[in-house]
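Novice: The structure that follows is given in the form of structure tokens.
The values are calculated or read from the model by the stated rules, or taken from the named source; none is laboratory data. Computed from a predicted model, the values in this text were never measured in an experiment. With ideal geometry, Cβ positions are generated from the backbone for all residues, glycine too; neighbour counts draw on all protein chains shown.
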Amino acid sequence: MSPRLTFLLAVAAGAAIGNLYWTQPLLGVIAGDLRTATTTAGWLVTATQLGYAAGVLLLVPLGDVLDRRRFVPLMLTLSAVALLLCALAPSIGVLGLALGVLGVTTISGQILTPLAGDLAGAAHRGRVVGVVGSGTLTGILASRTISGLVAETAGWRAIFAVAAVVAVLLAIVLRRAIPPLPPRTRMPYPRLLASVVAVVVRERAARWTLVLAGVGFAAFSLFWTALTFLLSGPPFRYPAPVIGLFGLAGLAGVLSGLRGGRLHDRGWSLPATGVAWAVALGAFVVAAFAGRTVALVVVAVVLLDVALQTQALLNRARLFALDDAARSRLNTALATSNFIGAAGGSAAATTLWPVGGWTAVTITGMALCCFALVVWARGRRGPLVVHAAVDAPPRQPSGEPGLTRPVS
């Protein structure tokens with residue numbers, strides 16, 4: 001796992017995940033062009049995330065049984081087709097359908113992250129996964145800025161066309177760069193899907209970690225979806241390019257992600273998770289007073305992204321330590337939980353905004369953080385403690401679940 005390959009996987013993962021967020025700063029622009037309400041356009045985010053959750057659940061487990069050197073470029077090519085459909089969509093309904101298809105196909109990042117875990121040694125796995133995860137975070141945040149700038153100069157459809165070209169180029173590069181690896185296991189597709197549930201049922205730490213992960217993405221999506229409504233309306237009335245620039249403030253979370261992987265490698269994963277959730281609670285408190293002050297909005301963005309992305313990367317590193325032969329399936333469970341949470345968060349923001357505006361959103365965010373702190377406090381001395389898997393050669397064709405042993 002060379003630094004060059006690590007960087008390439010981080011870039012590709014960020015580009016793939018960025019496809020889910022092109023629309024967020026453009027909801028007002030898209031609503032005006034397609035003659036619908038901004039709150040109706042807000043459901044586009046939910047459609048994308050639900051499609052993504054379906055793609056992760058149905059396709060990412062194949063990373064344990066297929067040649068990822070071929071699988072990743074194939075998915076990138078399919079996502080390029082979906083992006084072109086988005087660029088050509090004539091109505092809000094067609095765009096929502098195309099975004100759902102895009103969500104299903106743009107799952108390359110969730111294949112590349114466990115691939116990075118497979119290629120990295122156990123002593124450095126947290127750091128490598130942290131780097132690739134930081135690439136994912138960069139894609140989430142930078143996509144908002146890039147989307148706003150491109151929409152200002154060439155219209156909202158142009159960003160989907162540009163993203164399609166990038167996806168094709170990455171498919172070509174990754175086909176050459178990913179080393180050939182034998183499948184981690186062999187089993188029929190129905191049993192493979194069933195084993196996603198089986199590994200979660202078997203591992204109590206996985207179940208508790210998935211709860212924290214889902215709540216984290218719900219809080220993240222709740223905040224960012226509502227932030228578009230806040231900044232596009234009074235008193236700010238910012239255009240899409242300016243709204244997109246707020247994503248740059250969240251890039252502070254990239255640095256926290258790089259450090260988060262090292263915290264896991266040093267054995268500080270659970271204490272750091274608790275601190276991260278306490279910071280997230282503080283961020284929503286700051287946000288509650290930021291409805292008319294742009295400086296406080298920026299402070300809330302930085303705090304929230306540092307906190308939620310740190311806990312997200314720690315969640316992933318702990319799960320990858322559970323079973324070396326099932327990392328794609330564990331990542332499937334994690335990503336499904338993440339984006340069901342994200343879809344719920346964006347839907348909650350869209351529902352709460354007409355009722356209580358920014359105040360209702362921030363109170364809901366505080367409630368989510370308090371719930372996560374209760375889960376963490378109850379689980380940090382038992383259910384959240386991970387017994388790490390030993391790195392092992394690929395499984396025989398029996399397809400039996402992997403064995404684990406406690407870390408000494």
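Novice: Tell me which of these S195 doesn't satisfy, since it passes every other one: (1) over 22 Å from G274 (Cα atoms); (2) modelled with pLDDT of 90 or more.
Specialist: Going through (1) over 22 Å from G274 (Cα atoms); (2) modelled with pLDDT of 90 or more one by one, S195 breaks only (2).
Novice: Would you pick out the residues in region 287-313 that are buried (at least 24 other Cβ atoms within 10 Å of the Cβ), of a type in the set (G, A, S) and touching a Leu at 6+ places or on another chain (Cβ under 6 Å)?
Specialist: Selection gives nothing.
Novice: For the list (1) among the aliphatic types (A, V, I, L, M); (2) assigned to a helix (DSSP H, G or I); (3) over 25 Å from D324 (Cβ atoms), I need the number of the one condition that A12 fails.
Specialist: Unmet condition: (3).
Novice: Another one. List every residue pair whose Cβ atoms lie under 9 Å apart, where the two residues are 6 or more positions apart in sequence or sit on different chains, the first residue falls within region 198-226 and is over 15 Å from C369 (Cα atoms) and without any contact (Cβ under 8 Å) to a residue 40 or more places away in the chain, and the second residue, located anywhere, is in a helix (DSSP H, G or I) and basic (K, R).
Specialist: Short answer, once both residue conditions are applied: V201/R207.
Novice: Now, a different point. For residues in region 308-331 being outside any helix (DSSP H, G or I) and in contact with an Asp or Glu (Cβ under 8 Å, 6 or more places away or on another chain), which is modelled with the lowest pLDDT? Spell out the reasoning first.
Specialist: Here is the first cut: in region 308-331, the ones outside any helix (DSSP H, G or I) are 321-323.
When the remaining residues are screened for being in contact with an Asp or Glu (Cβ under 8 Å, 6 or more places away or on another chain), the result is 322-323.
Details: L322: 82, D323: 77.
Only one residue fits best here, namely D323.
Novice: Would you check if there is a residue in region 54-66 being at pLDDT below 90, outside any helix (DSSP H, G or I), more than 21 Å from G135 (Cβ to Cβ) and over 21 Å from the mean Cα position of the chain (by Cα)?
Specialist: yes
Novice: Of all residues in region 95-107, count the ones that are farther than 16 Å from T77 by Cα and touching a Cys at 6+ places or on another chain (Cβ under 9 Å).
Specialist: So the count comes out to 1.
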